[in-house]
1. In nm, to one decimal, how far is the modelled label at residue B:135 from the one at residue A:189, with both set 7 Å along Cα→Cβ?
2. With unit charges on the beta carbons (Lys and Arg positive, Asp and Glu negative) and the dipole taken about the Cα centre of the range B:86-247, which residue among B:88, B:131, B:205 sits farthest to the positive side?
3. Once you keep just the Cα pairs under 8 angstrom separated by 6 or more residues, what percentage relative contact order results for the range A:103-255?
4. Over the protein assembly as shown, how many pairs of lysines fall under 24 Å by alpha carbon, counting only those 8 or more apart in sequence or from different chains?
5. Distance between Cα centroids, the range A:123-146 to the range B:225-240: provide it in whole Å.
6. Please give the average number of partner chain Cβ atoms lying within 10 Å of the Cβ of each residue in B:113-123, rounded to a whole number.
7. Translational diffusion coefficient of the range B:86-247 at 25 °C, 0.890 mPa s, Stokes-Einstein with Kirkwood Rh over Cα pairs, in µm²/s as a whole number.
8. Roughly how compact is the range B:38-78, stated as its Cα Rg over 2.2 N^0.38 Å to two decimals?
Protein chains: 2
Amino acid sequence: MADDLQLKPVQPVRAYERVVEQIEDLVMRGQLKPGQRLPSERELTARLGVSRSTVREALRVLESDGVLRSRAGDPRGPEILPFSPATLRKAMTRLARVAELGLGELVQFRMLLDSAASMLAARLATQEQIGAMEAAIEEMEDAVDRGYAAFSEADVAFHDAVARASGSTLIQVLTDVVRGVVLGLIAHKIADSPDSRTLMATSLQHHREVLDAVRQRDGQRAARLARESLYAYYAEYVPEAERPLLRALLDDPDA
Amino acid sequence: MADDLQLKPVQPVRAYERVVEQIEDLVMRGQLKPGQRLPSERELTARLGVSRSTVREALRVLESDGVLRSRAGDPRGPEILPFSPATLRKAMTRLARVAELGLGELVQFRMLLDSAASMLAARLATQEQIGAMEAAIEEMEDAVDRGYAAFSEADVAFHDAVARASGSTLIQVLTDVVRGVVLGLIAHKIADSPDSRTLMATSLQHHREVLDAVRQRDGQRAARLARESLYAYYAEYVPEAERPLLRALLDDPDA
DNA sequence: TGTAATTTGTTCGTATGTATA
DNA sequence: CTATACATACGAACAAATTAC
């Protein structure tokens with residue numbers, strides 16, 4: 001007998017899975033576009049030749065994946081949704097919890113993303129995109145006196161502007177997701193900080209420097225400043241033991 | 001009337017969603033660990049006070065999220081699974097298709113991940129982890145004569161070793177995911193390349209240089225070489241129009 | 001080895017509340 | 001406001017699969 005035939009164990013394919021695949025395929029191929037409606041459950045039952053329960057299980061899975069939404073009583077049928085990073089965020093959040101990602105690793109990854117985004121922004125950003133960064137900085141200046149919440153909001157706007165200017169959808173989405181997880185872990189600590197005003201002023205200055213590097217089209221400097229800025233802002237909330245992870249991304253890790 | 005009360009529209013919460021939440025919570029809190037079993041569908045029906053259909057819809061969603069697996073006839077009940085990046089990969093793949101991510105953006109992101117991984121590996125890797133990289137390189141050397149498939153496998157092993165040595169789970173998982181998407185898009189093109197042998201030899205030399213920089217603990221050099229290596233390997237498959245995205249990550253983008 | 005018991009996979013019927021026209 | 005079609009949810013039934021004895 002040939003002993004090295006590549007035979008894999010066969011697992012039964014359930015009916016609802018084939019329904020999910022069919023609908024997913026239609027969406028992937030663009031035959032079903034956001035806003036369009038799927039036939040009603042009863043019609044799907046008839047067209048697919050499976051029971052209502054099977055159709056429903058498939059719809060629940062697709063719904064939880066953010067592919068569509070079905071509402072009770074809507075005679076137009078389930079609605080195909082536009083893509084949203086919600087599923088990615090869910091998966092990422094689970095990864096963070098189940099894999100027990102430390103704050104250190106999350107901040108490290110943010111440094112990585114923001115650094116790359118700043119590099120790309122310096123080299124590729126349009127004047128309009130640079131204008132959006134400038135507007136966000138002005139908003140931050142105004143917000144210093146209005147407290148941490150307002151400042152944080154403007155800060156997010158700045159980083160979003162940079163991420164958009166990077167031209168990379170992946171960087172944009174992942175920045176959004178990772179920031180959400182990080183802020184969820186420590187927002188209250190920063191808000192409660194007694195010298196949060198000093199923190200904001202320092203952070204604002206760092207952001208100005210990044211913007212300056214972007215304006216001068218100096219990608220490497222923008223990237224370096226972005227890393228240093230995040231390190232300065234978050235390092236104190238990261239446990240001592242994990243700080244080497246952050247420092248390893250700085251140009252001079254032993255300084 | 002107060003006009004600025006933050007009132008959001010309430011959307012009905014369906015029964016199966018509350019079941020999903022309960023079980024997801026138990027897994028998140030570590031009260032249900034991988035390998036453990038959930039009660040049977042009928043017992044869940046009784047304990048949760050909902051019908052079996054509702055329980056099943058919840059189980060299907062959890063199954064599609066990779067949280068558990070239920071097999072027909074298994075009297076021990078659904079099994080809690082260890083975390084796997086499968087969901088992340090699924091979400092990422094959908095993002096790539098639906099957001100119409102070009103090959104350029106995907107390769108760009110790989111450059112970014114591999115660059116960071118190499119930098120971190122140079123600064124943090126243990127001798128054992130460096131040994132794994134060396135072993136992968138030797139495997140690549142052997143594989144040059146055995147064709148693209150074998151070479152690609154060894155190549156993957158090298159990048160995995162680097163990603164592991166980076167100490168970052170996020171880098172590790174995302175490298176795996178993005179590589180899967182990229183290879184899915186162009187593996188056949190490389191395999192069919194007439195001068196694939198030359199390509200392999202060049203790539204092998206680049207990998208040796210990265211390893212050398214890691215051995216010498218030169219993070220910045222390792223990162224730069226990693227970017228250049230990926231650029232050299234993939235650039236020709238990336239449409240002309242998207243290549244500036246890749247070059248923007250090189251130290252000298254105009255060269 | 002084979003068989004019995006239990007579980008999941010799937011279907012069908014029904015009652016109820018809801019959104020749309 | 002009403003009629004209609006819809007989704008939600010329940011429960012019973014049978015087939016197929018798995019385990020354990």
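Derivation of every value follows stated rules applied to the coordinates shown; laboratory data play no part. Quick caveat: nothing in here was measured; it's all calculated off a predicted structure. No Cβ is skipped: glycine too gets one built from the backbone with ideal geometry, and neighbour counts run over all protein chains shown.
1. 3.7
2. Farthest towards the positive end: B:88.
3. Values: 194 pairs, mean separation 61.3, N = 153.
Relative CO of the range A:103-255 lands at 40 percent.
4. Close lysine pairs under the 24 Å cut-off: 9.
5. Between the Cα centre of the range A:123-146 and that of the range B:225-240, the gap is 33 Å.
6. Taking all residues of B:113-123 together, the mean is 3.
7. Values: Rh = 15.8 Å.
Stokes-Einstein gives a translational diffusion coefficient of 155 µm²/s.
8. Working: Rg = 9.6 Å, N = 41, 2.2 N^0.38 = 9.0 Å.
Rg over 2.2 N^0.38 Å, computed on Cα atoms: 1.07.
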